Amino acid sequence: MNRWREIADRVFVRRFAFFDQTIGAVVGRDRVLVIDTRSTLVQARELLDDLRHVSALPHVVLNTHAHFDHVLGNAAFRPCEIWGEAGCVRFMRDLGTARRAEVASTMPEIAVDVLASPIDPPDRVFERHATLDLGDRRVDVSFLGRGHTDHDVVAIVPDAGVLFAGDLVEEGAPPSFGDAFPLDWPATLGQLLDVAGDGPIVPGHGEPVDRDFAAAQLGDIAYLAELARRGWPDLRAAGHDPEGPPPAELVVDSAAHLGWPSGPVRDALSRGIAQAAGRLGVPATP
Ligand SMILES: [Zn+2]
């Protein structure tokens, strides 16, 4: 069954139940750009099967960032080119094995498959920007600043007006802050809106969204970032440990304000306070 949806001329998205993940495929004259490779070799082979419904052309892969659910299927696509930002490659080399073990221990239902999936970082490494030539069309890939991680990239298909946002935008659930730089994320989403145009924005998880949705999510993240940034001086004066959990009352109030579960709010405030305290490294220069 063909579950791909053509959201613009030869630009396809396919949603998967696992993690409500959204994979992109951009078809050119000579090859197909596949955006992210899913969580395991098994899942990636399922994706490869599905891709036959889209095109028989050879593939080229882009990893939007290094989280396991976007990269652990990479090896199934070899020998094709896999593109990734330098930070994505660094993250996979430094943390890939540890993260894979962590996933295996916390998600027993995929543990065997995850551990059987090699850490196979991108071989086409770029700094900040790359242009992928698909024959009769191109896809522009850019790092717009830190946000969900320190190396998220977006992929823009200029002739179709589509932007693939990776996990900088998430639909159906709050964004994920485990590796985030919350104080930088709003400005990065501002950049994203500057380059997005009026076409669909495809999140890493969930249904494609429009500018208004992304702008509202920017507002939610900015709310949490400001709480952390403005709150830090008082928290410091009160002896708060910036590497400890955020104050429970702040979590409860913010979760109620945003209508989010407490988990992502806790992560956002925890990372935001640590960043405000200078514990997450210096801000990246644009
Ligand atoms: Zn992610």
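In terms of the Cα gyration tensor, with a ≥ b ≥ c the square roots of its eigenvalues, is the stretch 1-63 rounded because a/c is under 1.5, prolate because a/b exceeds b/c, or oblate?
Prolate.
Just in the stretch 77-137: which chymotrypsin sites (Phe, Trp or Tyr not before Pro) are loop by DSSP and have at most 16 other Cβ atoms within 10 Å?
Numbers: sites: PHE77, TRP83, PHE91, PHE126; in loops: none.
Answer by residue number: there is no such site.
GNM on the chain, C-alpha springs below 10 Å: top fluctuator among LEU269, LEU132, LEU192?
Of LEU269, LEU132, LEU192, the most mobile in the Gaussian network model is LEU132.
Pop the C-beta distance of ASP20 and LEU57 into the FRET formula with R0 = 25 Å and round what comes out to the nearest 0.05.
The value I calculate is 0.35.
Taking a ≥ b ≥ c as the square roots of the eigenvalues of the Cα gyration tensor of the stretch 101-196, is the shape rounded (a/c under 1.5), prolate (a/b larger than b/c) or oblate?
Oblate is the answer for the stretch 101-196, as a/c is 1.5 or above yet b/c matches or exceeds a/b.
When N is the residue count of the chain, what does its C-alpha Rg come to as a fraction of 2.2 N^0.38 Å? Walk me through the numbers before you get to the answer.
Working: Rg = 18.7 Å, N = 286, 2.2 N^0.38 = 18.9 Å.
The chain yields a ratio of 0.99.
Could you tell me what percent of the DSSP beta bridges with both partners in the stretch 1-147 are antiparallel, to the nearest 5?
Roughly 65 percent of the DSSP beta bridges within the stretch 1-147 come out antiparallel.
Between rounded, prolate and oblate, where does the stretch 209-286 land on the alpha carbon gyration tensor, with a ≥ b ≥ c its root eigenvalues, rounded for a/c under 1.5, else prolate if a/b exceeds b/c? Working shown, then result.
Values: a/c = 2.35, a/b = 1.31, b/c = 1.80.
Oblate, because a/c is 1.5 or more while a/b does not exceed b/c.
Give me the base-10 log of I(q)/I(0) for the stretch 221-260 at each q in 0.25, 0.28 Å⁻¹, Debye formula, one uniform scatterer per Cα, rounded to two decimals.
-0.91, -1.06
Report the far tail of the P(r) of the stretch 163-275, meaning the percent of Cα-Cα pairs longer than 18 Å.
When every Cα pair of the stretch 163-275 is considered, 48 percent fall beyond 18 Å.
Suppose R0 equals 41 Å; then what is the FRET efficiency for ILE7 and VAL252 from their Cβ-Cβ distance, rounded to the nearest 0.05?
0.60
Which whole-number percent of Cα pairs in the stretch 3-124 have a distance greater than 17 Å?
Values: 3896 of 7381 pairs.
For the stretch 3-124, the share of Cα pairs beyond 17 Å comes to 53 percent.
Are there any GluC sites (Glu not before Pro) in the stretch 119-188 that are in a DSSP loop and have at most 11 other Cβ atoms within 10 Å? List them by number.
Those satisfying the criteria are GLU127.
Sequence gap at least 6, Cα distance under 8 Å: using those rules, report the relative contact order of the chain to the nearest whole percent.
The value is 14 percent.
Between THR131 and ALA238, what is the FRET efficiency for a Förster distance of 35 Å, r being their Cβ-Cβ separation, to the nearest 0.05?
0.10
What residues of the stretch 1-28 lie in the reach of a label at ASP113, counting those whose backbone N is under 11 Å from a point 7 Å from the Cα along Cα→Cβ?
Correct set: 17-19.
Once every DSSP H run of n ≥ 4 in the chain is given -39500 (n - 2.57) and the sum is divided by its residues, what mean residue ellipticity at 222 nm do you get, rounded to the nearest 500 deg cm²/dmol?
-12000 deg cm²/dmol
Highest mean first, how do 175-183, 109-117 rank when packing is the count of other Cβ atoms within 10 Å averaged over residues?
Ranking, from highest mean packing down: 175-183, 109-117.
Coordinate-derived values only; no laboratory data. What you are looking at is a predicted structure, and each value in this text was computed from that prediction instead of being measured. With ideal geometry, Cβ positions are generated from the backbone for all residues, glycine too; neighbour counts draw on all protein chains shown.
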